[in-house]
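Quick note: the coordinates plus some simple rules give every number you see, no bench work behind them. It should be emphasised that the depicted structure is a prediction, and the values quoted were computed from it without experimental measurement. Counting neighbours? That spans all protein chains shown, and the Cβs are built from the backbone with ideal geometry, glycine included.
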Ligand SMILES: Nc1ncnc2c1ncn2[C@@H]1O[C@H](COP(=O)(O)OP(=O)(O)O)[C@@H](O)[C@H]1O
Ligand SMILES: [Mg+2]
């Protein structure tokens, strides 16, 4: 793995078994993540977008081994510079890696014990992982609370006394307490009001600078992802269809699905007319994905080959740029400026 990479995901799959009947026999599988390859560079913010149910959460969790991957590799560079395969790490090593890799959810409320005060919530990971205790613990808790711009005076209160944005800050303080290097933010700001969203985003950006954090940022708001992320991954039905530099994805779109997804984003500039592409049909089921290109039943450019052959996921970037796409016709169709 190259020196500038923090993480490299190779042919990662996560299938959930479907069991039915009296004998609870396996009758099928949900192919939530169906063979994905990508890298995350040190210090970057990598966006992950795609319709609901396409496998974003499962992918984020499989990387951290919060769900056990079905197959594939997740190579991770540790703080000491060693490269380990997270999918094969043993208990002791995994425990160490888990401090390095953390997850922030959409709804911190469901993950914050309502019977614990802010002080105890922020202190818990420090105690459990034997990072601090006694006077040092108290000091560390106050530091963390100040880091996320909450007032230490409030630390004896319970989560219900706080707003959604403040609860997200408590969640961030908990995650920070372990000194992570990589954080998966799964729709972390999606449920918040726009103004609160901006504050949390600012906080995440400040913390990134200060601690040289790397983010995988899962979101469905494309304008937000465009603003925040260095590069963006587009997922469809458990597979990656396109990865590009943020700017490039919007101005040199290569995949018909990305084109449709971006065309649905409301325009800021009223002079630019929007030609919204309506996707035909429904998202197919990840239990029985279509043959050939998974997107072909809904694609406006569909040809016979698309129904038979799965497209190769390849780099079509110019002048050494990385721009990966999986469409048979990417070269012929050329780039499109959607936004
Ligand atoms: N624990 C689970 N058991 C069975 N199916 C699951 C489980 N978690 C997710 N899925 C299925 O996997 C697919 C991807 O889900 P998810 O990763 O949550 O997508 P997203 O985050 O993009 O909305 C969906 O079809 C979902 O129903
Ligand atoms: Mg999700």
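Numbers at a glance
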item: Between helix 134-147 and the chain: long-axis angle, C-alpha atoms, 0 to 90°, nearest 10; result: 40 degrees
item: Max mean-square fluctuation residue, GNM over the chain, Cα-Cα springs under 10 Å, options 103, 216, 204; result: 204
item: Sequence ranges 300-307, 164-171, ranked by mean other-Cβ count within 10 angstrom, highest first; result: 164-171, 300-307
item: Whether region 139-202 is rounded, prolate or oblate, judged on the alpha carbon gyration tensor where a/c under 1.5 counts as rounded; result: oblate
item: Antiparallel content of DSSP bridges confined to the chain, in %, to 5; result: 65 percent
item: On Cα atoms only, tilt of 164-176 relative to the major axis of the chain in degrees; result: 80 degrees
item: If the convex hull is drawn through the Cα atoms of region 238-339, its volume per residue in Å³; result: 109 Å³
item: GNM flexibility winner over the chain from 186, 91, 120 (Cα, springs under 10 Å); result: 91
item: Cα-based shape type of region 20-174, given that a ≥ b ≥ c are square roots of the gyration tensor eigenvalues and the cut on a/c is 1.5; result: prolate
item: Rg over Rh [alpha-carbon atoms, Kirkwood Rh] for region 103-191; result: 0.94
item: Helix 118-128 axis, angle to the chain major axis (alpha carbon atoms, nearest 10°); result: 80 degrees
item: Among 148, 128, 118, residue whose mean-square fluctuation peaks in a GNM of the chain (springs only between Cα atoms under 10 Å); result: 128
item: Cα shape, the chain, gyration tensor, a/c 1.5 rule; result: prolate
item: Along principal axes, Cα extents of region 1-60, largest first, whole Å; result: 52, 25, 13
